[in-house]
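One structure below.
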Amino acid sequence: QVQVVESGGGLVQAGGSLRLSCAASVSLFSVFDMGWYCQAPGKQRELVATSTSGGRTDYADSVKGRFTISRDNAKNTVYLQMNSLKPEDTAVYYCYALVSRNVYWGQGTQVTVSS
């Protein structure tokens, strides 16, 4: 069983920044794909950013140029740097890890952006 643990959420004013962390219980070299989804109240969970073991990254159009996903393989951790935050970024952010065709989810971390 792979454990995925997020941290770093909180309350920030519009225009501010937050960095989310996601630690996996396995080496990232065994994780094909790892990234973040978010879910706002009353909405479906949607992709924010992904990072593959091959170095490819993808972003939702709404966050391109503002969010950056990165990996620290030595710490088995993926980060999501969120800059220029907007109230519409308010959501619960979930980290996931794709390992051997199984998807593992974290418990979620709340991000609230005030106007």
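In cubic angstrom, how much convex hull volume per residue do the alpha carbon atoms of the stretch 51-92 span? Working shown, then result.
Working: hull volume 3.6 nm³, N = 42.
Here the figure is 85 Å³ per residue.
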Taking K and R as +1 and D and E as -1, what net charge do the other residues with C-beta under 10 Å from the C-beta of residue 37 add up to? 0
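Relative to the present Cα-Cα distance, how much length would full extension add between residue 110 and residue 46 at 0.36 nm per residue of separation? Before the final figure, lay out the partial values.
Details: separation 64, 0.36 × 64 = 23.04 nm, distance 1.47 nm.
Gain on stretching residue 110 to residue 46: 21.6 nm.
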In order over the stretch 61-72: 3J(HN,Hα) from phi, Karplus 6.51/-1.76/1.60, θ = phi - 60°, whole Hz, x for each Gly or Pro, gives 4, 5, 10, 4, x, 10, 10, 9, 9, 8, 10, 10
Given contacts defined as C-alpha pairs under 8 Å and at least six residues apart, what's the relative contact order of the stretch 1-111, whole-number percent? 36
Apply the Karplus curve 6.51 cos²θ - 1.76 cosθ + 1.60, θ = phi - 60°, to the phi angles in the stretch 35-52 and return the couplings in whole Hz, x for Gly and Pro. x, 9, 10, 9, 9, 8, x, x, 10, 7, 5, 9, 5, 10, 7, 9, 9, 9
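In Å², and per residue, what accessible area does the chain have when probed at 1.4 Å with the other protein chains present?
Details: 6140 Å² over 115 residues.
Averaged over the residues of the chain, the accessible area is 53 Å².
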hull vol. (C-alpha, convex hull) per residue for the stretch 60-115, Å³ -> 103
Tell me the Rg and the Dmax, in Å, that the Cα atoms of the stretch 13-57 produce. 13.3, 37
With all protein chains present, how much of the accessible area of the chain (probe radius 1.4 Å) comes from carbon and sulfur, to the nearest whole percent? 47
Spread of Cα-to-Cα distances over 10 Å intervals beginning at zero, given as percent, for the chain: 15, 51, 29, 6, 0
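The values are calculated or read from the model by the stated rules, or taken from the named source; none is laboratory data. Model, not experiment: these values are computed from the prediction. We place every Cβ from the backbone using ideal geometry, glycine too, and count neighbours over all the protein chains shown. Ligands, DNA and RNA are excluded from the accessible area calculation, which covers all protein heavy atoms including side chains. Shrake-Rupley method; radii C 1.70, N 1.55, O 1.52, S 1.80 Å.
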